[in-house]
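Just below is one structure, and these are the notes that go with it.
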Amino acid sequence: IDKNDVQIINEYFFSKEPISLTKLSLVHKVPKSTIHYKINQFKNLLRSKFSPNNDAEGIQFLEILHEKLDEYE
């Protein structure tokens, strides 16, 4: 993941309030199509690397992922 994309990914997946692609586009001054591409690219990366066995494992993974993204940002 490009370091510049981490903030976008964090805001989209881990913000307390849902955020639209349009709002992300305006905030980061990036075309909406680019935001959409980056989000989908990240989703595809996750799907290809990890498939949880149950909900608890998935939640634990997302919590750790969020921590690591915060550190990386």
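The values are calculated or read from the model by the stated rules, or taken from the named source; none is laboratory data. A quick note: this is a predicted structure, and the numbers were derived from the prediction, not measured. Here Cβ is always computed from backbone atoms with ideal geometry, including for glycine, and neighbour counts include all displayed protein chains. These accessible areas exclude ligands, DNA and RNA; they are computed on the full protein's heavy atoms, side chains included. Shrake-Rupley method; radii C 1.70, N 1.55, O 1.52, S 1.80 Å.
Just to be sure before I move on: is residue 28 open to solvent by 80 Å² or more (accessible area, probe 1.4 Å), touching a residue at least 12 places away in the same chain (Cβ under 8 Å) and on the phi < 0 side of the Ramachandran plot in the structure I sent? Against the criterion (open to solvent by 80 Å² or more (accessible area, probe 1.4 Å), touching a residue at least 12 places away in the same chain (Cβ under 8 Å) and on the phi < 0 side of the Ramachandran plot), residue 28 does not qualify. If you filter segment 17-46 down to residues that are in a helix (DSSP H, G or I) and β-branched (Val, Ile, Thr), you find that the one that is nearest to residue 67 (Cα to Cα) is 39. Among all positions in segment 7-16, there is at least one residue which is charged (D, E, K, R), part of a loop (DSSP other than H, G, I, E, B) and open to solvent by 50 Å² or more (accessible area, probe 1.4 Å).
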